[in-house]
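Engineer: Structure provided below as structure tokens; questions to follow.
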Amino acid sequence: FIVACRAEGLQKVLYAKDDCDRLCAEVTLGEYSQDAIEALVEYCFGGEIPSKLKEETPNAARGLCELADLAKTHGARKIADEAYQMARRLMNRLPSLACIVYSKSTFNLRSTFKSYAIQTIQDCPIESLVGDDDDLIRVLDGEGFSTILGEHLEDIDDTLRLRIISRWLRTKVPEGQENADPESFAVAKKCAQKVELEYMDPSYLLNVVKESGLFAVDQIEEAIVKAREYHNMGSAPASRKASMATVRTDIDRVLVTGAGLDSINGLYHREPDSEEVMYTKEEDSDCEESFGLYLWGTTWGIASAMDLSNNFYVCTAAPSGQQQQPPAHGWKTEMTGVYPPPTCQFIGASSNQDSDCFGLEDSSDGATKRVSTSPKSKHALPACFPSEEALYGN
């Protein structure tokens, strides 16, 4: 009786004018959970969405989908509309719940819940598909995942595409096993075929993409050759050293070493004109890509300067007062990075008299130049500065 008061469909069935119009004495609501039915009854009795469905949790997202589907099926459109508006607000606050809403959306909800879940994933692909909670992306089956990646995320960066694929595939590893089930792996390989490998960093191809098993070995090797040509990379260490002939000592610097992604390693200079705390490593002859070491809120990140939202490594900032300096240790490898994470050595700005610490000397025209640092040179780098191999690589 309580539900029928707000559901037009049930009113027509239970309270027909005559026996000929009455379809049956009993009504089957459908295969819905007890929680969904109780939520419908509670709404019909109290006039508002139950409090447990107002929480910012995965269960609330599932419950709102079920409630809306149940209500819409039996003609309670007002309840379905209110549940939809609440689900929208929930996804706006927590985009990571969009996968749950997408997977729980039935045919009845395709133009509301499912459509908005897709829009959320398109607007916030990282938050929606690369979170810390495996359960939030595990709900996507192979068909749903391939549809999202193939039809709704066509224009995302290739590195992010691989990151999302790897993240989803990791959730498909059966308990006690090391690899994902064959069906899921086949879906992942198919989704990965859109990736243009030749534009990726060669180190990333060799250390991450190759290890993923999503591509044939010869395909990776061919891509590495093309990537080196694309990035105009040279193999001679001298070329890299020549490109780094000048080191500014009048601004703060950070020396990044030990990162598994070799192109990350090097000397980063503080951006004096930036309102944010930002250090950059300029492109050199070995890699035409520049990188940024930056502070965002309470987290430090190292990423491509062209896409600071896609971190290779992250670290929690030091307590207030020391946040201008990135932590030396405690860095973590993100999914696009390569283990191990780096260490960071902060090097404060110095005057010209300190230039000897960097193997520098002033030329007659006032310019600063790097002098020979071979063991035979009297200008060899002192112990206060890392070795040239650490700074420039082997």
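The values are calculated or read from the model by the stated rules, or taken from the named source; none is laboratory data. Just so we're clear, the structure is a prediction, and the values are computed from it rather than from any experiment. When we count neighbours, we look across all protein chains shown, and the Cβ atoms used for this are built from the backbone with ideal geometry, even at glycine. Please note that ligands, DNA and RNA were not included when accessible areas were found on the heavy atoms of the full protein model with its side chains. Shrake-Rupley method; radii C 1.70, N 1.55, O 1.52, S 1.80 Å.
Engineer: Which whole-number percentage describes the relative contact order of segment 70-202, with Cα contacts under 8 Å and a sequence gap of 6 or more?
Structural biologist: Result for segment 70-202 is 19 percent.
Engineer: Out of segment 146-223, which GluC sites (Glu not before Pro) are coil in DSSP terms and have no more than 15 other C-beta atoms within 10 Å?
Structural biologist: Glu154, Glu175, Glu178, Glu196
Engineer: Are there any GluC sites (Glu not before Pro) in segment 50-92 that are in a DSSP loop and have at most 13 other Cβ atoms within 10 Å? List them by number.
Structural biologist: Loop-located and lightly packed - Glu55, Glu56.
Engineer: In segment 165-195, what trypsin sites (Lys or Arg not before Pro) fall in a loop by DSSP, with at most 10 other Cβ atoms inside 10 Å?
Structural biologist: Listed in order of number, the matching sites amount to none.
Engineer: Before anything else, pin down the relative contact order of segment 150-213: Cα pairs under 8 Å, at least 6 apart, normalised by residue count, whole percent.
Structural biologist: 33 percent
Engineer: Ignoring ligands, DNA and RNA, what percent of the 1.4 Å accessible area of segment 253-347 is carbon and sulfur?
Structural biologist: Here carbon and sulfur together make up 50 percent of the probe-accessible area.
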